[in-house]
Amino acid sequence: MSPEPEAQENTDLKPTKTRCEVKRKFDVGNNKKEYRWVLMAVSDIPGRPGDIRCPYCLGPIRLHFKGTGSKVVEDHFEHRAQGDRYNCRAGNGFKGGDHKMSLKPVE
């Protein structure tokens, strides 16, 4: 699967720090099921799924949800691997330059 999800053609579904890919089971007919990566808003993800990844670098991420108190931020994700934070264009430490795919992609 390409690093750029097909859903990007709809401007509402472009990957951002508030959208990530979640692995979902789909019925493909003849009682067969297959898993596919689906782009979803972090706020729309039920529970704490195990199979999630960054839509840009395909690396492992951690979800963060809106809280209460003095530091309220919108729902978003952060990279788990330190290198991805600096090499992925969605990473907190990305300062521009060349975007790199994760060294530990989530398949």
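Just so it is clear, none of the values below were taken in a lab; they were calculated from the coordinates. None of the values given here were measured: they were computed from a predicted structure. Cβ placement follows ideal geometry from the backbone for every residue including glycine, while neighbour counts extend to all protein chains displayed.
One table, with the values for the structure above:
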quantity	calculated
Loop-resident sites, the range 45-107, for trypsin sites (Lys or Arg not before Pro), counting at most 12 other Cβ within 10 Å (DSSP)	K66, K71, K95
Extension gain, S70 back to Y86 (0.36 nm per residue minus Cα-Cα distance, nm)	3.0 nm
Cα centroid of the range 62-82 to Cα centroid of the range 22-47, whole Å	23
Selection of chymotrypsin sites (Phe, Trp or Tyr not before Pro), the range 48-80, meeting DSSP coil and at most 13 other Cβ within 10 Å	F65
Extension gain (nm, one decimal) between K33 and H99, 0.36 nm per residue minus Cα-Cα	20.4 nm
Charge dipole magnitude, Cβ of K and R +1, D and E -1 - the range 13-95, Cα centre, debye nearest 20	120
Debye, to nearest 20: dipole size of the range 33-75, +1 on Lys, Arg Cβ, -1 on Asp, Glu Cβ	120
Dimensionless Rg ratio for the range 18-88, taking C-alpha atoms and the 2.2 N^0.38 Å reference	1.29
